[in-house]
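Taking it in order: structure first as structure tokens, then the write-up.
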Amino acid sequence: MGSYQLIREKKDARLRWDPQQLQLGDIIVEGEGKNLSPRIEVITSDATSNLEKSPISPLSTLPKSIGDHGGPHSHRSKTGGGSGRLLSLDIFRGITVALMIFVEYAGGIYPAINHSPWDGITLADFVMPFFLFIVGVSLALGYKNIPCRLTATGKAIHRALKLLILGLFLQGGYFHGIKNLTYGVDVERIRWMGILQRIAISFLLAAMCEIWLKGDNKVNSGQSLLKRYHQQWAMAIMVTALYLSLFYGLYVSDWEYQMPMDISSSEAKIFTVKCGLRGDSGPACNAVGMIDRKILGIQHLYARAIYGRSKECSVNSPNYGPLPVDAPSWCQAPFDPEGLLSSLMAIVTCFIGLHYGHIIVHFKDHKVRIQQWLVPSSCLVLLGVTCDCLGMHANKVLYSFSYMCITAGSAGFLFTAVYMMVDVWGYRHWTTILKWMGTNALLIYILVSCNILPVLLQGFYWRRPENNILTVIGVGPKK
């Protein structure tokens, strides 16, 4: 490709070219001015003579993945590489996917990095908030310019519905996991909530706010940025207030469940859990579990509750194991880690991601962006740690306020670090695999985290189901 020269003008920040230096096959780029979107054209023999008058076609649509916006405009950046994509966005998502795979398979070997049995934060507990954070960042970039709000709304609803249906199919109980070649689920016991369902709900509400709730004032400072999106911040505060009022205000009465869940009540053992209080954050009597039992039904909750790994419920804690002799009555009760009330704070994480995306949209200087990111990140972590020390413990299953603050602030710190390394300092030689993982996050999640790949592999066996490739590598069932 021949050489070309780009001369930036300070007035309108447009990238111009010198027709005398352009050759056949060269690429011209018109950059991001106030009223311009990035455009690109390959020079042909017919275009070189009338270059300045020739039409310029827009960049092509980019692929979608977990955390992608699905809006009318793909996220583009001058630093994002040849595809026009903001590279740090994909790298952050790729790091999250890599972290998800690591804790999925290493968590059983090293319990310290596995999900916390109840209070506290471990490495695995950062995965979900990081995904929700990057969903918000992507939405802000995707809906930077919206030609038609009704069309954008319809597309957002359609995307959310697809994620909901996919989540029900993958996590509703249809697949019975490795070591079991059967499939199918009783609709009376299907699990309604799950990871993809939570992402879909958070995505939809954040998308609606980004489409309909933003001002049109000019942004030239952090204060003016807050003013432009004050309606979205009001929504985030309302959602937080709703969560806190329900969590600490609802009265949790005594409740009961039966074990096993899949046989008639005449043959099952009934367990009664004594509560009768408000504002409890323990496993048995919290408002998060009560709302799920009342609305979704206890038979539709996640059967293998995370608190089954706690000291009260397992002799092998922090791993699952036999019940202790004096185990409390609630140890075997279902509990959904992606429940209805806890999803409210997940939505707030998405709103925080929106704010970080707005900083990318309205501030072009690297130093200003980094400053605008570090301040809220520091405040969130400090607020979360303070709340945890004052008794509002960080808890992933309840998605407590302190947990939301700490994980969202940590996501901001990590995103800032990735942005500085990739888009400011230009260290990109190590990013190829992470970029691929980031752009294919949904596919990787389905194949790896949902055990679809192991299920497919164990479907091919020699004479007996036990003789499959998973058994050879030590994953499948033993004879």
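The values are calculated or read from the model by the stated rules, or taken from the named source; none is laboratory data. Since the model is a prediction, treat every value here as computed from it, not as a measurement. Glycine gets a Cβ as well: all are built from the backbone with ideal geometry, and neighbour counts include every protein chain shown. Just the protein is used for accessible areas: all its heavy atoms, side chains included, with ligands, DNA and RNA removed. Shrake-Rupley method; radii C 1.70, N 1.55, O 1.52, S 1.80 Å.
For a Förster distance of 51 Å, can you work out the FRET efficiency between the beta-carbons of Trp233 and Ile270, rounded to the nearest 0.05?
0.60
Once ligands and nucleic acids are excluded and a 1.4 Å probe is used, how much of His115 is accessible, expressed in Å² to the nearest 10?
Answer for His115: close to 60 Å² accessible.
For Val187, Val368, Val361, Val97, give the ranking by accessible area with the largest first, probe 1.4 Å.
Most to least solvent-accessible, the answer reads Val187, Val368, Val361, Val97.
Go ahead and run the numbers for FRET between Asn145 and Arg304, Cβ-Cβ distance against an R0 of 56 Å, rounding to 0.05.
Computed FRET efficiency for Asn145 and Arg304 comes out at 0.80.
Ratio of Rg to Rh for region 384-451, alpha carbon only, Kirkwood?
Looking at region 384-451, the ratio lands at 1.13.
May I ask you to give the percent of accessible area on region 233-370 that is carbon plus sulfur, with a probe radius of 1.4 Å?
Within region 233-370, the accessible surface is 59 percent carbon and sulfur.
If you stretched the chain out fully between Leu374 and Val448, how much longer would it get, using 0.36 nm times the residue separation minus the C-alpha to C-alpha distance?
23.3 nm
With the cut-off at 31 Å, tell me which of the pairs Lys155/Lys435; Lys162/Lys396; Lys155/Lys367; Lys162/Lys274; Lys274/Lys396 have Cα atoms farther apart than that.
Lys155/Lys367; Lys162/Lys274
Quick check: the distance between the Cα centres of region 400-463 and region 82-134, to the nearest angstrom?
Computed from Cα coordinates, the inter-centre distance equals 6 Å.
Calculate, in nm to one decimal, what Gln223 and Trp430 gain on full extension: separation in residues at 0.36 nm each, minus their alpha carbon distance.
70.8 nm
Can you sort Leu380, Leu196 by solvent-accessible area, 1.4 Å probe, largest first?
The ordering from most to least exposed comes out as Leu380, Leu196.
When you count, for each residue, the other Cβ atoms within 10 Å and take the mean per peptide, how do 293-299, 144-150, 391-397 rank with the highest first?
Taking the mean over residues of other Cβ atoms within 10 Å, the ranking is 391-397, 293-299, 144-150.
Which residues does a label at Ser329 reach in region 276-306, if reach means a backbone N under 12 Å from a point 7 Å past the Cα toward the Cβ?
Taking a point 7 Å out along Cα→Cβ of Ser329, the residues of region 276-306 whose backbone N falls under 12 Å are 276.
Under the 0.36 nm per residue contour assumption, what length would be gained going from the current alpha-carbon distance of Asn319 and Asn467 to full extension?
50.5 nm
Just to check I understand the Karplus step: with θ = phi - 60° and J = 6.51 cos²θ - 1.76 cosθ + 1.60, what whole-Hz values come out for region 385-394, glycine and proline as x?
Taking θ as phi minus 60°, the curve returns 5, 4, 4, 5, 5, 8, x, 8, 5, 5 Hz for region 385-394.
Among 283-291, 310-318, what's the highest-first ranking by average C-beta atoms within 10 angstrom per residue?
Highest mean packing first, the order is 283-291, 310-318.
How do 270-276, 125-131 rank on mean C-beta neighbours within 10 Å, highest first?
Ranked by mean Cβ neighbours within 10 Å, highest first: 125-131, 270-276.
Treat every Asp and Glu Cβ in region 307-436 as -1 and every Lys and Arg Cβ as +1, leave all other atoms uncharged, and give the resulting dipole magnitude about the Cα centre to the nearest 20 debye.
Roughly 520 debye, rounded to the nearest 20.
Just grab the label-to-label distance for Lys162 and Glu256, each label 7 Å out from Cα along the Cβ direction, in nm (one decimal).
4.7
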